[in-house]
1. Do you know which residues across the stretch 304-325 are closer than 21 Å to residue 246 by Cβ and either part of a loop (DSSP other than H, G, I, E, B) or within 22 Å of the chain's Cα centre (by Cα) (or both)?
2. Given the conditions (1) closer than 29 Å to residue 203 by Cα; (2) out of contact with any helix residue (DSSP H, G or I) (no Cβ under 8 Å at 6 or more places or on another chain), report the number of the one that residue 261 does not fulfil.
3. Looking only at the stretch 199-207, decide whether some residue is closer than 18 Å to residue 165 by Cβ, touching a helix residue (DSSP H, G or I) at 6+ places or on another chain (Cβ under 9 Å) and within 16 Å of ligand 2 (Cβ to nearest atom).
4. What about residue 222, is it within 16 Å of ligand 1 (Cβ to nearest atom), in a helix (DSSP H, G or I) and modelled with pLDDT of 95 or more?
5. Looking only at the stretch 242-251, decide whether some residue is out of contact with any strand residue (DSSP E or B) (no Cβ under 6 Å at 6 or more places or on another chain), more than 16 Å from ligand 1 (Cβ to nearest atom) and under 30 Å from residue 109 (Cβ atoms).
6. Given the criterion without any contact (Cβ under 8 Å) to a residue 60 or more places away in the chain, surrounded by 17 or more Cβ atoms within 10 Å (Cβ to Cβ) and either more than 16 Å from ligand 1 (Cβ to nearest atom) or over 23 Å from residue 198 (Cα atoms) (or both), identify the matching residue among 125, 138.
7. Report the residue count in the stretch 212-270 for those that are within 13 Å of ligand 2 (Cβ to nearest atom), without any contact (Cβ under 8 Å) to a residue 12 or more places away in the chain and under 16 Å from residue 316 (Cα atoms).
8. When you look at residue 64, is it more than 16 Å from ligand 2 (Cβ to nearest atom), touching a residue at least 60 places away in the same chain (Cβ under 8 Å), within 16 Å of the chain's Cα centre (by Cα) and closer than 14 Å to residue 224 by Cα, yes or no?
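The values are calculated or read from the model by the stated rules, or taken from the named source; none is laboratory data. These figures come from a predicted structure and were not determined experimentally. Using ideal geometry, Cβ is built from the backbone for each residue, glycine included, and neighbour counts are taken over all protein chains shown.
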Ligand code: IPM
Ligand code: MN
């Protein structure tokens, strides 16, 4: 039927409600997407968190998935489901743009940052042990292979979107070996991309400068190890009004998963109060990734128009609209 099949992981808490908004807006916009919903309730197999086979098969078949927030069952020895998904599909690069929303007032105007986070290792490698009672070690694993992979991705991305400055963010003055390796690989990969301007910056300095004035970052792609990207991407989200407004893309060689960064908000789940914007913007990154740029632009413009009008926005943004009312306003702006 000429449609692209996409795996949909609706997620927990507010996940189903915000997924419904995406589905409604996509069909109103005639986006050629067929959703294949899968359940990712985790199983512990040999003490390892695993997601159901059907979900894995679906993502491998479709290459692309959209994912709502997932809560990880507590106290059963589970590794975070979000991390399990990134690992299962080897989603090595996490792309996190933050762009100011017209009409939504924050202390910062004209924020337009793009951060690319290594997504498979670093402090997230999950290697921890007790040395002796009262002394533990958590291993920060940095490999040349994963560093090179995400760095090449960042430079290629910079070229593709014509944002021709890449800055590696690191702390190699202190983490001489791990960040030192990341930085050396960055310096070398940069040579393969002579059209892209390249420099490096210490993470603490980036933090200081970006909250003082984010605009010098508007022409750059920041690339960094996993945990730095986790923290700095929340900081960037804060500049534009929080995680309710920021999309994210987990990119792998074989497949990619687009997800909102926020949590499942169990306190407001089922009440129709959630803001679907972050998941919507993630779904727009998905459309762009699939080459469906016309549909991406059309839906994105309708979202920005609705937010700029400010009359039908959700409570987190200071409005009174229910989730479905906001979605209806977006649809009327298509
Ligand atoms: C994120 C989240 C995750 C992370 C959590 C939910 C495991 O904070 O996507 O940034 O730490 O990577
Ligand atoms: Mn995070």
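1. Initial filter on the stretch 304-325 (closer than 21 Å to residue 246 by Cβ): 304-310, 312-319, 321, 323.
304, 307, 310, 312, 313, 314, 316, 317, 318, 319, 323 - these are the residues of the stretch 304-325 that are closer than 21 Å to residue 246 by Cβ and either part of a loop (DSSP other than H, G, I, E, B) or within 22 Å of the chain's Cα centre (by Cα) (or both).
2. It fails just one condition, (2).
3. Checked against the condition, which is being closer than 18 Å to residue 165 by Cβ, touching a helix residue (DSSP H, G or I) at 6+ places or on another chain (Cβ under 9 Å) and within 16 Å of ligand 2 (Cβ to nearest atom), the stretch 199-207 yields at least one hit.
4. Working: within 16 Å of ligand 1 (Cβ to nearest atom): yes; in a helix (DSSP H, G or I): no; modelled with pLDDT of 95 or more: yes.
The answer is no for residue 222.
5. no
6. Working: 138 fails: surrounded by 17 or more Cβ atoms within 10 Å (Cβ to Cβ).
Criteria check complete, one pass: 125.
7. Qualifying residue count, the stretch 212-270: 1.
8. On the way: more than 16 Å from ligand 2 (Cβ to nearest atom): yes; touching a residue at least 60 places away in the same chain (Cβ under 8 Å): yes; within 16 Å of the chain's Cα centre (by Cα): yes; closer than 14 Å to residue 224 by Cα: no.
No, not satisfied.
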